[in-house]
Amino acid sequence: AIDFSMNHLGVHGLPAGLHADWNDCLRLGADGESSFVAFQLYWACKLLKEMLGDKDPAYTAYLDELSATVKERIETLFWEGDRYLRGFSEEGFTIGSKNDPEASFWLNAQTWSVISGCASQEQAEIVLDGVYEKLNSPFGVHLFTPPYRYHCFDGTRMGLFEPGIKENGGIFCQSQGWAILAEALMGHGGRA
């Protein structure tokens, strides 16, 4: 998986979103980049390093260098002070910016920043507060808010669905688990 990611990088040297990174309706393209996958790559480097122990010092050094580079690029490209962007399309469209009129706050980028350990303690508290305030509902946590209505780009297939339904800001079981895990990792047992 690490090798695949490193052989499929977008314009800023982070993992390409390709046809879908998890969200089947978010097509970022070969040059677009996914923060969701970038956080997973960062986490995979840490996990594999732990599993290797001292068995392969050269590869461990590579993982250290790679994770440091990925973290620096994530912070530079995706951190917006109160959220992590969701990514960039291959046409250069920014996804998940606080300046976006629609789809300005995404769940997976926030939860995986915490799960991966990439976010600092302060950043993790900020993004999870945002998740709780902006995405939480009595029925679960929404994928993003506000749903797309008028400002879809070519790679957003979720605009085919009514706002709040399915990939257009709906609630998915798998992403609920990531939200619960992120909150639990931060010691927010009640909120989890």
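Considering only the other residues whose Cβ falls under 14 Å of the Cβ of Val70, what net charge follows from Lys and Arg at +1 and Asp and Glu at -1? Don't skip to the end; give the middle numbers.
On the way: positive: Lys46, Lys49, Lys71, Arg73; negative: Glu33, Asp64, Glu65, Glu72, Glu75.
Value of the local net charge: -1.
State to the nearest 20 debye the size of the charge dipole of segment 77-159 about its Cα centre, where the only charges are +1 on K and R beta carbons and -1 on D and E beta carbons.
Details: 6 positive and 11 negative charges, 48 e Å.
Here segment 77-159 has a charge dipole of around 240 debye.
Would you list the membrane-span-like helices of the chain, meaning whole DSSP H runs whose alpha-carbon atoms span at least 15 Å along their axis and whose mean Kyte-Doolittle value is at least 0.5?
The answer, listed by residue number, is 35-52, 173-185.
To the nearest 20 debye, what is the magnitude of the charge dipole of the chain about its Cα centre, counting +1 on the Cβ of each Lys and Arg and -1 on the Cβ of each Asp and Glu?
The calculation lands at about 400 debye.
Which far-off residues, 5 or more places away or on another chain, put their amide H under 5 Å from the one on Gly32, with H placed in the peptide plane?
Gly17, Leu18, Glu90
So what is the relative contact order of segment 1-109, in percent, for Cα pairs below 8 Å that sit 6 or more residues apart?
Over segment 1-109, the number comes to 24 percent.
If I take every Cα pair under 8 Å that is 6 or more residues apart in the chain, average their sequence separation and divide by the length, what percent do I get for the relative contact order?
18
Whenever you get a sec, line up Trp43, Trp112 from highest to lowest accessible area (probe 1.4 Å, protein heavy atoms). Walk me through the numbers before you get to the answer.
Numbers: Trp43 95, Trp112 25 Å².
Ranked from most to least accessible, the order is Trp43, Trp112.
How much accessible area per residue does the chain have, counting only protein heavy atoms and a probe of 1.4 Å, in square angstrom?
48
For the chain, give the percent of accessible area contributed by carbon and sulfur heavy atoms, probe 1.4 Å, rounded to a whole number.
C and S fraction of accessible area: 54 percent.
Order 53-61, 117-125 from most to least packed using the mean count of other Cβ atoms within 10 Å.
117-125, 53-61
Along the charge dipole of the chain, Cβ charges K/R +1 and D/E -1, which of Pro57, Gly155, Leu77 sits furthest on the positive end?
Looking along the dipole axis, the top candidate is Gly155.
What residue among Leu14, Leu26, Leu66 has the largest mean-square fluctuation in a Gaussian network model of the chain, using Cα springs under 10 Å?
Leu66
Around Ala61, under 13 Å between beta carbons, what's the net of Lys plus Arg minus Asp minus Glu among the other residues?
Local net charge: -2.
At 1.4 Å probe size, put Glu183, Glu162, Glu90 in order of accessible surface, largest to smallest.
On the way: Glu183 10, Glu162 130, Glu90 90 Å².
Solvent-accessible surface, decreasing: Glu162, Glu90, Glu183.
Mind ranking Met158, Met51, Met6 by accessible surface for me, highest first, 1.4 Å probe?
Numbers: Met158 0, Met51 130, Met6 55 Å².
The ordering from most to least exposed comes out as Met51, Met6, Met158.
The values are calculated or read from the model by the stated rules, or taken from the named source; none is laboratory data. The model shown is predicted, which means the values in this text are computed figures rather than measured ones. When we count neighbours, we look across all protein chains shown, and the Cβ atoms used for this are built from the backbone with ideal geometry, even at glycine. These area figures cover heavy atoms from the full protein model, side chains too; ligands, DNA and RNA do not enter into them. Shrake-Rupley method; radii C 1.70, N 1.55, O 1.52, S 1.80 Å.
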